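**Q** Below is one structure. I have some questions about it.
The values are calculated or read from the model by the stated rules, or taken from the named source; none is laboratory data. Bear in mind that the values here come from a model prediction, so they are computed numbers and not experimental data. In this analysis, Cβ positions are derived from the backbone assuming ideal geometry, glycine residues included, and neighbour counts consider all displayed protein chains. All accessible areas refer to the heavy atoms of the entire protein, side chains included, with ligands and DNA or RNA removed. Shrake-Rupley method; radii C 1.70, N 1.55, O 1.52, S 1.80 Å.
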Amino acid sequence: LQRDAKGQYLFDLLCHHLNLLEKDYFGIRFVDPDKQRHWLEFTKSVVKQMRAQPPFTMCFRVKFYPTDPAALKEEITRYLVFLQIKRDLYHGRLLCKTSDAALLAAYILQAEIGDYDPGKHPEGYSSKFQFFPKHSEKLERKIAEIHKSELSGQTPATSELNFLRKAQTLETYGVDPHPCKDVSGNAAFLAFTPFGFVVLQGNKRVHFIKWNEVTKMKFEGKTFYLYVSQKEEKKIVLTYFAPTPEACKHLWKCGIENQAFYKLEKSSQVRTVSSSNLFFKGSRFRYSGRVAKEVMESSAKIKREPPEIHRAGLVPSRSCPSITHGPRLSSVPRTRRRAVHISIMEGLESLRDSAHSTPVRSASHGDAFVAPGRSSRAESSERVAVIADENYSPADSVLPTPHSLELMLLSRQANGAPCSIEEEKESEAGTPAAAEAEEAGGELRALCPGAGGLGAAQAEQVNKFVLSVLRLLLVTVGLLFVLLLLLIVLTESDLDTAFFRDIRQTPEFEQFHYQYFCPLRRWFACKVRAVVSLLIDT
């Protein structure tokens, strides 16, 4: 890779390797040495964006989830989106009730091992595979039952298509959560989906804001602001606090890109967005790609022979069981278990500070949730919904998702060995129980400055306000001083206008001219002549 190679060059090279034309839904993501995730910007040099030393580890993954993944033009695109959603399901970013989980897992089985065969698939065969961070024997039996009786005869492409259609109906489809805290100090997770902006707390979705209701997004330091205009001209500002300024900026940039992609009609409507206030430059960012409508129109014009797809078969030897649950380890050889354990222990420290969570299930996409009011009436009117009452509760999984070879820039070993620590950090940035376990153990860093929670956040806001006022005063004084100097120069010049003639005839100006300006001019001219003479003599 040449030092001045742009991100677009690397992305096009990868898409060419995958024979992928509908590439606007995808992106390349990496984790910097401070464990902060970033999307590779295609208009900038790759090397300049990477703060780590080569070799660089990056992940090719879905960046903008299709509004209707089943409507994608080519099968290769649907297969890559299928791999991504299967990965989301495994890492706990895509949550659903037990019946939906069983159906999704059965589709995966049918797509990757084919029809049920009693000779090849003995009793309990579904327990050899890990589809979720955690599942019970009852769920495993349900998966096998659906696979045996309902999906026989489906080709891999058909099963993947049915999987996408089902996943698209779930409330957490397309969620890539960012950990934050609200103004009360409660943990929350912000996410951008094809349908709008969502706020998740615990196992509830407490807000859903449609894209056409989002009027502005900005950030200052660790503070993220979302401006919302809902029905009846009701304007709301949602405020959240990110763990670090870098995380807040990443959240802001993701929001700007998602809103532009899903909301705008044409890429020509994209504008450069600034996070700054008056008199301050701040951060400026512009989405550089096409929008969803243009991508769909371009996809409709694709006319070529469908490219060949090399699917990764789902076999027990390559599954990645979770070490957090005892029964899952029984299907892994003892030597492999020790290697897996050692790799995980080495990666836990790196994963600790980049854990995210995605625990939600609520009403339909069209149901908008009002912003959190400070009054009890607003709180009582807010609608939230929880995950179904069935016992499906995904827990943490510290292993990488199985069979995502097509989604990685750096390949892992063919025998199913775990990926590198950098890949672990990228993969596990969306697992739910990591953050919960760390909070329980007292290891999670405070997401708001100071230990005072809301008080510290308010103090930080006051400090920012005072600094802004002081900077405004300094700028004002500086402008007045420059204007005064400019006025003096113009009045003392030979410029002959009625305005300046009137000023020169006033007694105040004559006093200033003879008592201050003329002596100062003679002193300055004397000093200049002395310096020039000294230079000539030397």
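**Q** In segment 457-479, is there at least one residue being over 53 Å from the mean Cα position of the chain (by Cα), open to solvent by 60 Å² or more (accessible area, probe 1.4 Å) and among the β-branched types (Val, Ile, Thr)?
**A** no
**Q** Go through (1) under 19 Å from residue 82 (Cβ atoms); (2) modelled with pLDDT under 90 and name the single condition residue 167 misses.
**A** (2)
**Q** Let me ask something else about it. Confirm whether residue 497 is over 23 Å from residue 246 (Cα atoms), at pLDDT 85 or above and open to solvent by less than 90 Å² (accessible area, probe 1.4 Å).
**A** no
**Q** Out of all the residues in segment 168-175, is one or more out of contact with any Asp or Glu (no Cβ under 6 Å at 6 or more places or on another chain), more than 30 Å from residue 240 (Cα to Cα) and either buried (at least 21 other Cβ atoms within 10 Å of the Cβ) or in the same structural domain as residue 61 (by the TED database) (or both)? Explain how you work it out, then say what you get.
**A** First, pick out the residues of segment 168-175 that are out of contact with any Asp or Glu (no Cβ under 6 Å at 6 or more places or on another chain): 168-175.
Still in the running and more than 30 Å from residue 240 (Cα to Cα): none.
No.
**Q** Can you confirm whether residue 144 is hydrophobic (A, V, I, L, M, F, W, C), free of Cβ contacts under 8 Å to residues at least 40 places away in the same chain and assigned by the TED database to the domain that holds residue 77?
**A** Considered against the rule, which asks whether it is hydrophobic (A, V, I, L, M, F, W, C), free of Cβ contacts under 8 Å to residues at least 40 places away in the same chain and assigned by the TED database to the domain that holds residue 77, residue 144 comes out as yes.
**Q** Let me ask another. Among the numbered conditions (1) open to solvent by less than 10 Å² (accessible area, probe 1.4 Å); (2) hydrophobic (A, V, I, L, M, F, W, C); (3) touching a residue at least 40 places away in the same chain (Cβ under 8 Å), tell me where residue 15 comes up short.
**A** Of everything listed in (1) open to solvent by less than 10 Å² (accessible area, probe 1.4 Å); (2) hydrophobic (A, V, I, L, M, F, W, C); (3) touching a residue at least 40 places away in the same chain (Cβ under 8 Å), residue 15 misses just condition (3).
**Q** Next question. Please work out which one of (1) at pLDDT 85 or above; (2) closer than 30 Å to residue 243 by Cβ is the condition residue 486 fails and give its number.
**A** Going through (1) at pLDDT 85 or above; (2) closer than 30 Å to residue 243 by Cβ one by one, residue 486 breaks only (2).
**Q** So, one more: For segment 257-270, give me each residue that is farther than 18 Å from residue 26 by Cβ and either in a helix (DSSP H, G or I) or within 14 Å of the chain's Cα centre (by Cα) (or both). Working first, answer last.
**A** Just the residues of segment 257-270 that are farther than 18 Å from residue 26 by Cβ, to begin with: 259, 263-266, 268-270.
Listed by number, the residues that qualify are 259, 263, 268, 269.
**Q** Let me ask you something else. If you go through segment 72-95 one residue at a time, do you hit one that is modelled with pLDDT of 95 or more, in contact with a Gly (Cβ under 6 Å, 6 or more places away or on another chain) and in the same structural domain as residue 129 (by the TED database)?
**A** Within segment 72-95, none of the residues are modelled with pLDDT of 95 or more, in contact with a Gly (Cβ under 6 Å, 6 or more places away or on another chain) and in the same structural domain as residue 129 (by the TED database).
**Q** Could you identify the single residue in 121, 135 that is buried (at least 22 other Cβ atoms within 10 Å of the Cβ) and outside any helix (DSSP H, G or I)?
**A** Only one candidate qualifies: 135.
**Q** Right, next: Filter segment 211-237 down to the residues that are under 18 Å from the mean Cα position of the chain (by Cα) and not charged (D, E, K, R) and list them by number.
**A** Scanning segment 211-237 gives 211, 214, 217, 219, 221, 223, 224, 225, 226.
**Q** With respect to residue 228, is the statement that it is in contact with a Leu (Cβ under 8 Å, 6 or more places away or on another chain), of a type in the set (A, V, I, L, M, F, W, C), touching a residue at least 12 places away in the same chain (Cβ under 8 Å) and within 30 Å of residue 11 (Cβ to Cβ) true? Quick ask: steps written out before the conclusion?
**A** On the way: in contact with a Leu (Cβ under 8 Å, 6 or more places away or on another chain): yes; of a type in the set (A, V, I, L, M, F, W, C): yes; touching a residue at least 12 places away in the same chain (Cβ under 8 Å): yes; within 30 Å of residue 11 (Cβ to Cβ): no.
Here the answer is no, as residue 228 does not meet what is asked.
**Q** Let me ask another. Of the conditions (1) open to solvent by 40 Å² or more (accessible area, probe 1.4 Å); (2) part of a loop (DSSP other than H, G, I, E, B); (3) over 22 Å from residue 71 (Cβ atoms), residue 154 satisfies every one except a single condition; which number is it?
**A** (3)
**Q** What about residue 100, is it touching a residue at least 60 places away in the same chain (Cβ under 8 Å), within 16 Å of residue 164 (Cα to Cα), over 16 Å from the mean Cα position of the chain (by Cα) and surrounded by fewer than 19 Cβ atoms within 10 Å (Cβ to Cβ)?
**A** Spelling it out, it is not the case that residue 100 is touching a residue at least 60 places away in the same chain (Cβ under 8 Å), within 16 Å of residue 164 (Cα to Cα), over 16 Å from the mean Cα position of the chain (by Cα) and surrounded by fewer than 19 Cβ atoms within 10 Å (Cβ to Cβ).
**Q** Within segment 18-51, restricting attention to residues that are touching a Phe, Trp or Tyr at 6+ places or on another chain (Cβ under 8 Å) and part of a loop (DSSP other than H, G, I, E, B), which residue is most open to solvent (accessible area, probe 1.4 Å)?
**A** Among them, the one singled out is 23.
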